[in-house]
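Colleague: This is the structure, below, for whatever I ask next.
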Amino acid sequence: MKEIVVISGKGGTGKTSFTACMAALFNNQVVADCDVDAANLNLVLNAAVVEEYEFVSGHSATINKDICTSCGRCREVCRYQAISEDYQVDRFSCEGCGACFYLCPAGAVSFDEALCGHYFVGKTKTEEWAVFAELLPGAENSGKLVTAVRKKAGEIAKENKNDIILTDGPPGIGCTVIASLTGASFIVFVTEPTVSGVHDLKRVMELSMHFKLPGGVVINKGDLNPAYSKEIETLCLERGFDLLGSIPYEPLVSQAQRQAKTILEYAPDCQASSAIRQIYNKLCVQL
Ligand code: SF4
Ligand code: SF4
């Protein structure tokens, strides 16, 4: 079983659209959406929820007003100003340090595991398994939620003898990206030929080189700026990553997205679809 992780140094490069196209081309796969702060691959793949799991991580405090004597000790010790004058805990400000729980003389504070989000197992419109997640507003620990999504995808792939786990990774270079790369088989970097595209590709390549994983680059809208596309090619050579291909700008992509379809479904004969199929063939050889 191989796990391909699709990442981009920044948002808006077409990473999720590209992953959805790969999902349409690969067979016998599990799709994992690890962009847990803004998961939307499930919408393109039209995944219907089959199972739902709670994601709990860390702790948060709650004050029992029936027991509280309003002594004020908890407000003194809370370094995050998370407790109001009428002794309510603001869950967005509570950092789960536990000081109020341990120091409340009346035992009025409970300190339970915090519900930070949910993750789901679904079936896509092509009857493939998909795992995706939803972080609650203001919740943290998204790196741990990425790990939970990947673990569930791995269990499903093992159970069903799937060949491929196709993971839509998070944007950026933070802990969620690190959590999505650990133990993967191959990285696909999706970038675009712009100043910020090249800059962020360099950063994410540097991060990825720590994992010593093979990888390849896809240039989205590659024909829009040949000079920057050339710079990306040079970067691939210098850093030892293959250039998997370049997808030309295709205005029909936006129309396809509005109908929750991939460009392969919406306009299978356009140049972009043809380039995506060539990239898929090249990727298969690399695995
Ligand atoms: S320390 Fe305990 S008893 Fe005192 S105000 Fe806070 S919750 Fe109430
Ligand atoms: S757990 Fe810590 S951060 Fe949260 S309310 Fe209590 S003292 Fe403040």
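Since every read-out is calculated from the coordinates, none of them should be taken as a lab result. Everything quoted here is computed from the prediction, not taken from an experiment. Using ideal geometry, Cβ is built from the backbone for each residue, glycine included, and neighbour counts are taken over all protein chains shown.
Colleague: Compute the distance in nm between two label points, each set 7 Å from the Cα along the Cα-to-Cβ direction, one at residue 278 and one at residue 158.
Modeller: 4.0
Colleague: Which is farthest toward the positive dipole end of the chain among 89, 104, 268, measuring Cα position about the Cα centre, with Cβ charges +1 (Lys, Arg) and -1 (Asp, Glu)?
Modeller: Going by the Cα projections, it comes out as 268.
Colleague: Something else now. Let me know the longest stretch in the chain that avoids all trypsin sites (Lys or Arg not before Pro) found in a DSSP loop with at most 15 other C-beta atoms within 10 Å.
Modeller: Within the chain, the longest run free of exposed trypsin sites (Lys or Arg not before Pro) spans 213-287.
Colleague: Considering every Cα-Cα pair within the chain, what fraction, in whole percent, is farther apart than 24 Å?
Modeller: Counting every Cα pair in the chain, those more than 24 Å apart make up 55 percent.
Colleague: How much FRET efficiency would the formula 1/(1 + (r/R0)^6) give for residue 86 and residue 118, where r is the Cβ-Cβ distance and R0 is 41 Å, rounded to 0.05?
Modeller: Numbers: r = 31 Å, r/R0 = 0.75.
It comes to 0.85.
Colleague: At 0.36 nm per residue, and after removing the present C-alpha to C-alpha distance, how many nm does the segment from residue 66 to residue 196 gain when stretched out fully?
Modeller: Stretched out fully, the residue 66 to residue 196 stretch lengthens by 41.3 nm.
Colleague: Once the piece of chain linking residue 93 and residue 151 is laid out straight, how much longer is it, given 0.36 nm per residue of separation minus the C-alpha distance between them?
Modeller: Between residue 93 and residue 151, full extension yields 17.9 nm more.
Colleague: Residue 247's amide H: which non-local residues (gap 5+, or another chain) put their own amide H closer than 5 Å, with H modeled 1.01 Å from N in plane and none for Pro or chain starts?
Modeller: Hits under the 5 Å cutoff: 219, 220, 221, 222.
Colleague: If one computes the Cα centroid of the stretch 208-286 and of the stretch 2-61, what distance in Å separates the two points?
Modeller: Here the two parts' Cα centres lie 18 Å apart.
Colleague: Also: Rounded, prolate or oblate, given the Cα gyration tensor of the stretch 152-287, with a/c below 1.5 counting as rounded?
Modeller: Cα axes put the stretch 152-287 in the oblate bin.
Colleague: Take 77, 50, 218 and order them by how many other Cβ atoms sit within 10 Å, fewest up front.
Modeller: Neighbour counts put them in this order, fewest first: 50, 77, 218.
Colleague: Restrict the search to the stretch 1-110; then list the GluC sites (Glu not before Pro) that DSSP places in a loop and that have at most 11 other Cβ atoms within 10 Å of their Cβ. Can you show the working numbers first?
Modeller: Working: sites: 3, 51, 52, 54, 76, 85, 95; in loops: 85, 95.
Answer in residue order: 85.
Colleague: Under a 5 Å amide H to amide H cut-off, with H placed in plane at 1.01 Å, what residues pair with residue 114 once short-range neighbours are removed?
Modeller: 57, 58, 59, 60
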